[in-house]
1. From the list TRP133, TRP208, which one is closer than 28 Å to ARG10 by Cβ and touching a helix residue (DSSP H, G or I) at 6+ places or on another chain (Cβ under 8 Å)?
2. Being surrounded by 17 or more Cβ atoms within 10 Å (Cβ to Cβ) and either under 22 Å from ASN88 (Cα atoms) or in contact with a Phe, Trp or Tyr (Cβ under 6 Å, 6 or more places away or on another chain) (or both) is the filter here; which residues of region 126-137 pass it?
3. Looking at ALA135, ALA181, which one is modelled with pLDDT of 95 or more, under 30 Å from GLY200 (Cβ atoms) and in a strand (DSSP E or B)?
4. So, GLU64, is that one modelled with pLDDT of 95 or more, over 15 Å from the mean Cα position of the chain (by Cα) and either outside any strand (DSSP E or B) or not hydrophobic (A, V, I, L, M, F, W, C) (or both) or not?
5. Within region 49-87, track down each residue that is closer than 23 Å to TYR99 by Cα, small (Gly, Ala, Ser) and free of Cβ contacts under 8 Å to residues at least 40 places away in the same chain.
6. Among the residues of region 1-30, what is the count of those that are under 19 Å from GLY62 (Cα atoms) and in a loop (DSSP other than H, G, I, E, B)?
7. Just to be sure I understand the filter: pairs with C-beta atoms under 6 Å, separated by 6 or more residues or on different chains, first member in region 14-42 and in contact (Cβ under 8 Å) with a residue 60 or more places away in the chain, second member hydroxyl-bearing (Ser, Thr, Tyr). Which pairs pass?
8. If you take the residues in region 71-115 that are surrounded by 17 or more Cβ atoms within 10 Å (Cβ to Cβ) and small (Gly, Ala, Ser), which one is farthest from PHE22 (Cα to Cα)?
Amino acid sequence: MTEYYIPTGRGEAELVEKRSRFIGQVWRVDSEAEARARIEEVRRQHYDARHHCWCYRIREEGVERYSDDGEPQGTAGQPMLNVFQRENVTNVVCVVTRYFGGILLGAGGLVRAYTQSAKDALDRAGISVVRRWVALEVPCAYAQFEAMRREVLAFGGVVEQVDYAADVLLSVLIPEERSAAFSAHILDVSAGTVEALEAGEQLKDVPWREAVQR
């Protein structure tokens, strides 16, 4: 089974520390070339900033790179990269732009600021899990709807769509290795009144941790 985590979308967050302004940005990328292009895009956008520190991880190419871009060695790029390593997020590029505020932060202050900026930007982007899913249709009575929805979540699944008619039809995704157990379980707990119908398999990304809105 293949399973890995990527940013759900683009995320941006801003932090002010002792008058220095840190702008963290995160994108999902599929190649080192795309990551480099995002970094250059930020350099052009914030051409008047003092530093553009960055990091990226590309799963398919097996690369991890980072840059302190003029900040003291080890105070920016590596701490940023550590954020994505801890969260096990790949196919990601992060750039933290710093507008210097005139007050030195020291090594510890810089590490904290760059780490927090990267984390905040990732929180804004959200995290999705990429894996193989089995698509199922679960028809049930209205009285059974909430119970069926809870069962989907309990098996690590996702409710993609709900159609309301004479009965309710849930279109769900269940992790491939749990689909047979899920189908057997809901047949059991519903006393044979709810049967899951398989609608195919797919490898796709599904939101795992929702984006933080502020």
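The values are calculated or read from the model by the stated rules, or taken from the named source; none is laboratory data. Owing to the predicted nature of the structure, the values given are computational and were not obtained by experimental measurement. Note that we place each Cβ from the backbone using ideal geometry, even for glycine, and neighbour counts take in every protein chain shown.
1. None of the others qualify; the one that does is TRP133.
2. Matches in region 126-137: GLY126, ILE127, SER128, VAL129, VAL130, ARG131, TRP133.
3. ALA135
4. For GLU64, the condition - modelled with pLDDT of 95 or more, over 15 Å from the mean Cα position of the chain (by Cα) and either outside any strand (DSSP E or B) or not hydrophobic (A, V, I, L, M, F, W, C) (or both) - is met.
5. SER67, GLY70, GLY74, ALA76, GLY77
6. Qualifying residue count, region 1-30: 4.
7. Final answer for the pair search is LEU15/SER117; ARG21/TYR99; PHE22/SER117; ILE23/THR97; GLY24/SER117.
8. Out of the qualifying residues, it is GLY77.
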